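K.L.:
Got a structure for you, written out below as C-alpha cells; questions coming shortly.
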Amino acid sequence: ESTRWGSRPGEQNMRKPVAATFLILATAIVATAQDMRFQTATMTRNQSGSLSGGSQILPDGRVIITNTSVRDMLRVFYDIPDFAIIGAPEWFTSERYDITAQAAGNPSRDALKQMMRTVLAEQLQLVLHQEARPLPVFELRRSRADGSLGPNLVPARTNCEIGGTAACPHDLTGGSYAAVAMPMARIVRTLAELAGRPVVDRTNLSGPYDIKLTWAPGPSTFLTAVREQLGLELEPRDEPAQVLVIDNVGRLKP
C-alpha cells in the first residue's frame, strides 16, 4: 500500500488514526441502518372482509396495523397524497394487510415511518422512487397582507405525533374537516386530497395546529372556505410536484 500511494517515511504511522476514523464511521453507518429496522416484523393478508382498520403505536415499541391497504400505508409512511402515487396495481387498494412489529426502545414517529418503509420493501419486494413531474398544483400561501391566520387555524399546545399516541385525532366527512394538534405537513396533505391536486406549501408555517374547516359542495366554495376560515390561499398553477413512482412490487399469498 505504501508503494502504491507513494508514502514517505513515517506516513504509515500517520495513517492509522485515519483508518480508525473510517472504521468508526462505517460502524456508525451500519448502526444507523440497523436502527431503521424493527427487531421483528410480520405482514399477513387480512381476509376478514371488514372495511374497518387502524393502527396502534404502543409505549413498548410495538406497532400494530390492522386491515389496511398498501396504498393507505404509502400515504402515511411517505407523507404523500393518494393521487401522487403513480403505477400502483389495483390490489394496492382492494387487498388489506395486518402488520405486527416490535422496535427496540421507544423510537420517534418519523423513525417508525422509516422502519415501516423497510418492512414494505422487504415483504413485498417493493421498489419505488420519488421524482418531480410537471403537474397542475395549488400553491398554498397566506392570504392576508399582515400574515395573520384565520379564526379556524390556531397553533396547538400539544403535538399528536409526540408521546406515543396511537393517531392524530381528526374527523373528515363530506364538507367538514377538523383536527387537533395536527402537524402542518399532514394538514397540507389533507388539503391536497380535498382539492384533488398536489399542494406546494409556501406558508412557512411549522408545528401543530388545531383546524376546523367547513364548506358547501363545489370547488370554488372550498377555496373560499380555506381563505376565509384558515387565512390561506390555494392558488392554481403548473409546476413540478413530487410523486411516488412504483417500479416493482410483489404480492403476498393469502
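The values are calculated or read from the model by the stated rules, or taken from the named source; none is laboratory data. On a predicted model such as this, the values are computed, not experimentally measured, just so you know. Heads up, the Cβs are rebuilt from the backbone with ideal geometry, glycines too, and the neighbour counts pull from every protein chain shown. Side chains included, ligands, DNA and RNA excluded: accessible areas come from the protein's heavy atoms. Shrake-Rupley method; radii C 1.70, N 1.55, O 1.52, S 1.80 Å.
K.L.:
Yes or no: VAL154 in contact with a strand residue (DSSP E or B) (Cβ under 9 Å, 6 or more places away or on another chain), among the β-branched types (Val, Ile, Thr), in contact (Cβ under 8 Å) with a residue 40 or more places away in the chain and open to solvent by less than 20 Å² (accessible area, probe 1.4 Å)? Break it down into steps so the answer makes sense when it comes.
P.N.:
Working: in contact with a strand residue (DSSP E or B) (Cβ under 9 Å, 6 or more places away or on another chain): yes; among the β-branched types (Val, Ile, Thr): yes; in contact (Cβ under 8 Å) with a residue 40 or more places away in the chain: yes; open to solvent by less than 20 Å² (accessible area, probe 1.4 Å): no.
Taking the combined requirement at face value, the residue does not satisfy it.
K.L.:
Report the residue count in the stretch 201-231 for those that are under 20 Å from LEU135 (Cβ atoms) and either modelled with pLDDT of 90 or more or basic (Lys, Arg) (or both). Working first, answer last.
P.N.:
Within the stretch 201-231, the first condition is being under 20 Å from LEU135 (Cβ atoms), and the residues that meet it are 201-203, 219, 222-223, 226.
Imposing the further condition that a residue be either modelled with pLDDT of 90 or more or basic (Lys, Arg) (or both) reduces the set to 201-203, 222-223, 226.
Of the residues in that region, 6 qualify.
K.L.:
Just for the stretch 213-246: of the residues that are in a helix (DSSP H, G or I) and in contact (Cβ under 8 Å) with a residue 60 or more places away in the chain, which one is nearest to the chain's Cα centre (by Cα)?
P.N.:
First, the residues of the stretch 213-246 that are in a helix (DSSP H, G or I): 219-230.
Narrowing the set further to residues that are in contact (Cβ under 8 Å) with a residue 60 or more places away in the chain leaves 227-230.
Numbers: ARG227: 26, GLU228: 28, GLN229: 26, LEU230: 23 Å.
Out of the qualifying residues, it is LEU230.
K.L.:
When you look at THR173, is it of a type in the set (Val, Ile, Thr), more than 21 Å from the chain's Cα centre (by Cα) and open to solvent by 50 Å² or more (accessible area, probe 1.4 Å), yes or no? Working first, answer last.
P.N.:
Values: of a type in the set (Val, Ile, Thr): yes; more than 21 Å from the chain's Cα centre (by Cα): yes; open to solvent by 50 Å² or more (accessible area, probe 1.4 Å): yes.
Considered against the rule, which asks whether it is of a type in the set (Val, Ile, Thr), more than 21 Å from the chain's Cα centre (by Cα) and open to solvent by 50 Å² or more (accessible area, probe 1.4 Å), THR173 comes out as yes.
K.L.:
Right, here's the next one. Please verify whether VAL249 is under 22 Å from the mean Cα position of the chain (by Cα), surrounded by 18 or more Cβ atoms within 10 Å (Cβ to Cβ) and in contact (Cβ under 8 Å) with a residue 40 or more places away in the chain, treating the condition exactly as stated. Before the answer, list the steps.
P.N.:
Numbers: under 22 Å from the mean Cα position of the chain (by Cα): yes; surrounded by 18 or more Cβ atoms within 10 Å (Cβ to Cβ): yes; in contact (Cβ under 8 Å) with a residue 40 or more places away in the chain: yes.
Yes, satisfied.
K.L.:
Based on what the data block shows, is ARG157 among the basic types (Lys, Arg), assigned to a strand (DSSP E or B) and either modelled with pLDDT under 90 or over 20 Å from the mean Cα position of the chain (by Cα) (or both)?
P.N.:
Numbers: among the basic types (Lys, Arg): yes; assigned to a strand (DSSP E or B): no; either modelled with pLDDT under 90 or over 20 Å from the mean Cα position of the chain (by Cα) (or both): yes.
No; evaluated as a whole, the condition is false for this residue.
K.L.:
Looking only at the stretch 127-151, filter to residues that are in contact with a helix residue (DSSP H, G or I) (Cβ under 8 Å, 6 or more places away or on another chain) and either aromatic (Phe, Trp, Tyr) or surrounded by fewer than 18 Cβ atoms within 10 Å (Cβ to Cβ) (or both); which one of those is farthest from ALA179 (Cα to Cα)?
P.N.:
Looking at the filtered set, the residue picked out is VAL127.
K.L.:
Let me ask something additional. Any idea which of ASP201, ASP210 is open to solvent by 20 Å² or more (accessible area, probe 1.4 Å), touching a residue at least 12 places away in the same chain (Cβ under 8 Å), farther than 30 Å from GLY87 by Cβ and within 22 Å of the chain's Cα centre (by Cα)? Don't jump to the end; show me each part of the working.
P.N.:
Working: ASP201 fails: farther than 30 Å from GLY87 by Cβ.
Answer to the check: ASP210.
K.L.:
Scan the stretch 190-206 and give yes if some residue there is in a helix (DSSP H, G or I) and of a type in the set (D, E, K, R), otherwise no.
P.N.:
First, pick out the residues of the stretch 190-206 that are in a helix (DSSP H, G or I): 190-195.
Now drop any that are not of a type in the set (D, E, K, R), which leaves 193.
Scanning the stretch 190-206 turns up at least one residue that is in a helix (DSSP H, G or I) and of a type in the set (D, E, K, R).
K.L.:
Look at the stretch 179-189 and say how many of its residues are part of a helix (DSSP H, G or I) and either at positive phi or modelled with pLDDT under 90 (or both).
P.N.:
Quick first cut of the stretch 179-189, residues part of a helix (DSSP H, G or I) only: 184-189.
After this cut, where a residue has to be either at positive phi or modelled with pLDDT under 90 (or both) as well, the list is 185-186, 189.
Going through the stretch 179-189 one residue at a time, the tally reaches 3.
K.L.:
Which count do you get for residues in the stretch 176-189 that are surrounded by 18 or more Cβ atoms within 10 Å (Cβ to Cβ) and either under 13 Å from TRP215 (Cβ atoms) or small (Gly, Ala, Ser) (or both)?
P.N.:
3
K.L.:
While we're here: Could you say which residue among SER7, SER2, SER52 is modelled with pLDDT under 85, in contact with a strand residue (DSSP E or B) (Cβ under 7 Å, 6 or more places away or on another chain) and at negative phi? First the steps, then the outcome.
P.N.:
Working: SER7 fails: in contact with a strand residue (DSSP E or B) (Cβ under 7 Å, 6 or more places away or on another chain); SER2 fails: in contact with a strand residue (DSSP E or B) (Cβ under 7 Å, 6 or more places away or on another chain).
Just one listed residue meets the conditions, SER52.
K.L.:
Within the stretch 89-120, which residues are more than 15 Å from the chain's Cα centre (by Cα), of a type in the set (Gly, Ala, Ser) and surrounded by fewer than 18 Cβ atoms within 10 Å (Cβ to Cβ)?
P.N.:
Of all residues in the stretch 89-120, those more than 15 Å from the chain's Cα centre (by Cα) come to 89-107.
Those left that are additionally of a type in the set (Gly, Ala, Ser): 94, 101, 103-105.
The answer is SER94, ALA104, GLY105.
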